[in-house]
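The values are calculated or read from the model by the stated rules, or taken from the named source; none is laboratory data. Keep in mind that what you see is a predicted model, and the values were worked out from it rather than measured. Reconstructed Cβ throughout: ideal geometry from the backbone, glycine too, with neighbour counts over all protein chains shown. Heads up: the accessible areas ignore ligands, DNA and RNA and are worked out on the full protein's heavy atoms, side chains in. Shrake-Rupley method; radii C 1.70, N 1.55, O 1.52, S 1.80 Å.
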Amino acid sequence: MDLGHGKCWDTSKTQIQLIEFWSPDMLLPLRLILKSFACEIALQKDSWKTLLLLAYQSLGVVYGDLSTSPLYVYKSTFAEDIQHSDTNEEIFGVLSFVFWTLTLVPLFKYVFVVLRADDNGEGGTFALYSLICRHAKVSLLPNRQVADESLSTYKLENPPEKDSSRVKMYLEKHKALHTALLILVLLGTCMVIGDGLLTPAISVFTAVSGLELSMSSNHHQCHVDKQLRKPKRLSFISYFIAILVSYSTLYAIRIADAVVPITCFILVCLFTLQHYGTHRVGFLFAPVVLAWLLCISALGLYNIIHWNPHVYQALSPYYMFKFMKKTKKGGWMSLGGILLCITGSEAMFADLGHFSYTAIQIAFTFLVYPALILAYMGQAAYLSQHHDNTNHIGFYISVPGKLRIPVLIIAILASVVGSQAIISGTFSIINQSQSLGCFPRVKVVHTSDKIHGQIYIPEINWMLMILCIAVTIGFRDTKHMGNASGLAVMTVMLVTTCLTSLVIILCWHKPPILALSFLLFFGSIELLYFSASLTKFTEGAWLPILLALFLMTIMFVWHYATVKKYEFDIHNKLSLEWLLALGPSLGIARVPGIGLVFTDLTSGIPANFSRFVTNLPAFHRVLVFVCVKSVPVPFVPPAERYLVGRVGPPSHRSYRCIVRYGYRDVHQDVDSFESELIARLADFINYDWHRTHGTNSFPEDDASQSNESSNEYRLAVIGTVSFSGIPAYEIEESVQLASISGGFPTVESVTDVIEMEPVGVVERRVRFAIDDESGTHSPSDMDLQLQEELEDLLSAQQAGTAFILGHSHVKAKQGSSLLKRLALNFGYNFLRRNCRGPDVALKVPPVSLLEVGMVYVM
């Protein structure tokens, strides 16, 4: 390629080479430019390869449920409310509704709008709630700190504009709206759990129900009669073959009549294998869903070409109005079956953290969406030419007879993959609810050390299995299962629409009219389908409503009692002077070892520790007040997880450690947690001694100081780099850990606790590089004290670690309302006794556990 003036470029090779140029002195900068250009092209190629690979992998995780919806949409729609007539107005109207519903909700709403409302790459109901809570003070989570806003994942946009500020101020001003917002989030969460119960049942049942058509009882019964009708001259071998064929045919009839037992067997196998995790067979998920999408696309094209090439005309919205005009109330009620075509759309947003926005967008836009449209058009084309099978409308009737068994096998595999994805999603959202204090403690097992987020919850798994089998046996048909699943799906979508509208105003700082337009447009579509689902209340839709009420009661009671307990702890915590006064003069002994006192408080001494010292007048030589808290972010980087500070002077050997987790973080087991906590304490001791003795900008520790705020110093973010050689630390100092009277205003309610602000604390970032060999100060005195404190920590670790946890009993105070007494005295205490305790959740070994009984009167 000649570029003129004697320069020529050879682009046939990977690296662009310069053949000739005017002057050699201009060669070097041009080479750098060309090299960077070539690197950019190579990176773009690699990024596209990675993107396409992610899009391919997302098929098995995200689209399993959505891709199997053609199995039951037409069957549920034509179950009872409308009939397939010779004019084809019904089938064409349903196709038009399906097409525009798939286009508007999954494509326009989720792919182009909702997927952008991610929380550091994470999606789902709690991700939206987390975003809203970080941009407006509407959270009801306890022990919130200003230091949490220094997290790198705690991203805030630019200050909002005036119009959005009015909305924000209105939300923050009315406390009832905080509770309403939490209830809305809990409702969406409960319906997601309900979908996790119903989706496996309806997906596997409709896939297995293809046996009814493949092995029709009437057809095989006629075949049996013909075989048993013995001719006059029949050899023994021919008669024996006829008997074998007869019995095999009868066996096939029994299989066709045993759809429910086969479905239950597959469900039992599916839930039994959950504890192994999906990482061992996860590589098969994407090929199965891809094969299924290609299968339904090919079948759709075949049916369109063979039966009705003009079926594309039904995509016009005119057929929707024509359909509603003819069917009227029956057509409106049949929308409860049509909405099943978008079941699984929420998974695109919920599973956003496992993939990228662009990968999910590419997979849906260029593969899943066209395949689903072709599948629905193919079924409609077949049904438009067949009006004699109105009682057997479904997916398998449009499949050619020779292909039904292979398609049946692929359909069963695809339904299992889709069920697996929704079950894993149910485990994930329950774990998020538990992390944010909205669900009783359950055992969470991490099934993979390499793949983040793959968890298994035994109690939830077996409950889901029992309920799935009960739904399958109880309903026994697609109609009732579809009605129940449709209501759950549409409720989740309505909740997502409402929360996304708030995100548009509060987080994206768009005009409220834009958020209102989004809410009215998509909300009206979803309300139309939601109203149609409610009409099926007695025909299966009662199940998700009943399940949601039950789960919401449990979650709200647990959250309410958790917040009340935190408020009680705040009002009954002890001063630091009380702790410093404990000593031999009062008969209190210090025993060897490390005592980890777990509390929800981020400052002050918890009341359960005073009960511990009162009943057992001794505590450990090294005392650590540990607060394990959740923050409204999906992940907390390990280097920012630990906030460590002193409680009292160094000679007291008391510390405070706040361990922060995001709602999607994996909590450590007790062994790694204990060892890492002690390592962070050692790092903090080393850092603190060099800080206080190496510069004059920090106050000296003085045991004689009486003010509590002067004895409990600032918390330091201690990363994962150990003090070996010449360590470098990036320390975030943003909050002064003190009692309410020292650093924060007096707390009168939980709301005040949540909104507490530090007084006179300036955030600063300091980088330290400490060299033990080269120092400007006399190393003798400081090094000896530092070495002594580190040796005390090491000897205490060797002596053993005790985990001191509170064992609480909650009682409503006299004069409380009947509802409050029922919630606290019976509801919360029943859940506390029958669910996992904090020791099990933290995996504390029984030999190291010390429980302190506490009665909370609230």
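Taken over the range 810-835, the criterion of being touching a residue at least 24 places away in the same chain (Cβ under 8 Å) and open to solvent by 40 Å² or more (accessible area, probe 1.4 Å) is satisfied by LYS811, LYS813, ARG832, CYS835. For the residues THR535, THR500, the requirement of being open to solvent by 30 Å² or more (accessible area, probe 1.4 Å), among the hydroxyl-bearing types (Ser, Thr, Tyr) and in contact (Cβ under 8 Å) with a residue 40 or more places away in the chain singles out THR535. Just name the residue that is surrounded by the most Cβ atoms within 10 Å (Cβ to Cβ) out of those in the range 839-852 that are touching a His at 6+ places or on another chain (Cβ under 9 Å) and modelled with pLDDT of 85 or more. Going through the qualifying residues, I end up with VAL852. Scan the range 312-331 and tell me whether some residue there is part of a helix (DSSP H, G or I) and within 30 Å of the chain's Cα centre (by Cα). Checking the range 312-331: not a single residue is part of a helix (DSSP H, G or I) and within 30 Å of the chain's Cα centre (by Cα). Looking only at the range 333-345, residues that are open to solvent by less than 10 Å² (accessible area, probe 1.4 Å) and not in a loop (DSSP other than H, G, I, E, B) come to 9 in all. For first residues located in the range 780-809 and over 15 Å from ARG590 (Cβ atoms), partners that are open to solvent by 70 Å² or more (accessible area, probe 1.4 Å) and lie 6+ apart or on another chain with Cβ distances below 7 Å form the pairs LEU805/GLU851; HIS807/GLU851; HIS809/VAL855.
Yes/no per residue for (1) at pLDDT below 90; (2) not polar (S, T, N, Q):
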| position | (1), (2) |
| --- | --- |
| PHE97 | no, yes |
| CYS133 | yes, yes |
| VAL138 | yes, yes |
| THR153 | yes, no |
| LYS162 | yes, yes |
| CYS190 | no, yes |
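Only one of the numbered conditions (1) surrounded by 21 or more Cβ atoms within 10 Å (Cβ to Cβ); (2) out of contact with any strand residue (DSSP E or B) (no Cβ under 9 Å at 6 or more places or on another chain); (3) under 30 Å from ARG664 (Cα atoms) is not met by ALA381, and that is (3). Considering every residue within the range 539-560, establish whether at least one is of a type in the set (S, T, N, Q), under 22 Å from THR179 (Cα atoms) and open to solvent by less than 30 Å² (accessible area, probe 1.4 Å). Within the range 539-560, not a single residue is of a type in the set (S, T, N, Q), under 22 Å from THR179 (Cα atoms) and open to solvent by less than 30 Å² (accessible area, probe 1.4 Å). Filtered by the rule that a residue be in a helix (DSSP H, G or I) and open to solvent by 30 Å² or more (accessible area, probe 1.4 Å), the range 92-117 gives PHE92, PHE99, TRP100, LEU104, PHE108, ARG116. Against the conditions (1) open to solvent by less than 50 Å² (accessible area, probe 1.4 Å); (2) modelled with pLDDT under 90; (3) not hydroxyl-bearing (Ser, Thr, Tyr), LYS232 satisfies every one except (1).
Here PRO637 fulfils each of the conditions (1) surrounded by 22 or more Cβ atoms within 10 Å (Cβ to Cβ); (2) modelled with pLDDT under 90 apart from (1).
Evaluation of THR50 against the conditions (1) surrounded by fewer than 21 Cβ atoms within 10 Å (Cβ to Cβ); (2) more than 17 Å from the chain's Cα centre (by Cα); (3) closer than 25 Å to PHE521 by Cα shows that the sole unmet condition is (3).
Screening the range 142-151 for residues that are at pLDDT 70 or above and open to solvent by less than 20 Å² (accessible area, probe 1.4 Å) and picking the one that is nearest to MET555 (Cα to Cα) gives ASP148. For the range 118-128, the count of residues that are more than 23 Å from the chain's Cα centre (by Cα) and either at pLDDT below 90 or among the β-branched types (Val, Ile, Thr) (or both) is zero.
Looking across the range 63-84, the residues that are open to solvent by less than 30 Å² (accessible area, probe 1.4 Å) and outside any helix (DSSP H, G or I) come down to TYR63, THR68, TYR72, PHE78, ILE82, HIS84.
Mind checking whether some residue in the range 246-269 is part of a helix (DSSP H, G or I), at pLDDT 90 or above and of a type in the set (Ser, Thr, Tyr)? Looking for residues that are part of a helix (DSSP H, G or I), at pLDDT 90 or above and of a type in the set (Ser, Thr, Tyr), one finds at least one in the range 246-269, hence yes.
What are the pairs, 6+ residues apart or on separate chains, where a residue within the range 559-580 that is touching a residue at least 24 places away in the same chain (Cβ under 8 Å) has its Cβ under 7 Å from a residue that is in a helix (DSSP H, G or I) and of a type in the set (S, T, N, Q)? Between residues of the range 559-580 that are touching a residue at least 24 places away in the same chain (Cβ under 8 Å) and residues that are in a helix (DSSP H, G or I) and of a type in the set (S, T, N, Q), the close pairs are LEU574/SER610; LEU576/ASN711. Looking at the range 590-677, the strands (runs of 3 or more DSSP E) lying wholly inside it that each contain 1 or more residues that are free of Cβ contacts under 8 Å to residues at least 60 places away in the same chain sit at 618-630, 654-661.
Restricting VAL631, VAL622 to those that are touching a Lys or Arg at 6+ places or on another chain (Cβ under 6 Å), open to solvent by less than 20 Å² (accessible area, probe 1.4 Å) and at pLDDT below 90 reduces the list to VAL631. Screening ILE409, ILE469, ILE473 for residues that are closer than 30 Å to PHE395 by Cα, without any contact (Cβ under 8 Å) to a residue 60 or more places away in the chain and either open to solvent by 10 Å² or more (accessible area, probe 1.4 Å) or not hydroxyl-bearing (Ser, Thr, Tyr) (or both) leaves exactly one candidate, ILE409. Evaluated against (1) out of contact with any helix residue (DSSP H, G or I) (no Cβ under 7 Å at 6 or more places or on another chain); (2) surrounded by fewer than 20 Cβ atoms within 10 Å (Cβ to Cβ); (3) under 21 Å from LEU849 (Cα atoms); (4) at pLDDT 85 or above, HIS571 falls short on exactly one condition, (3).
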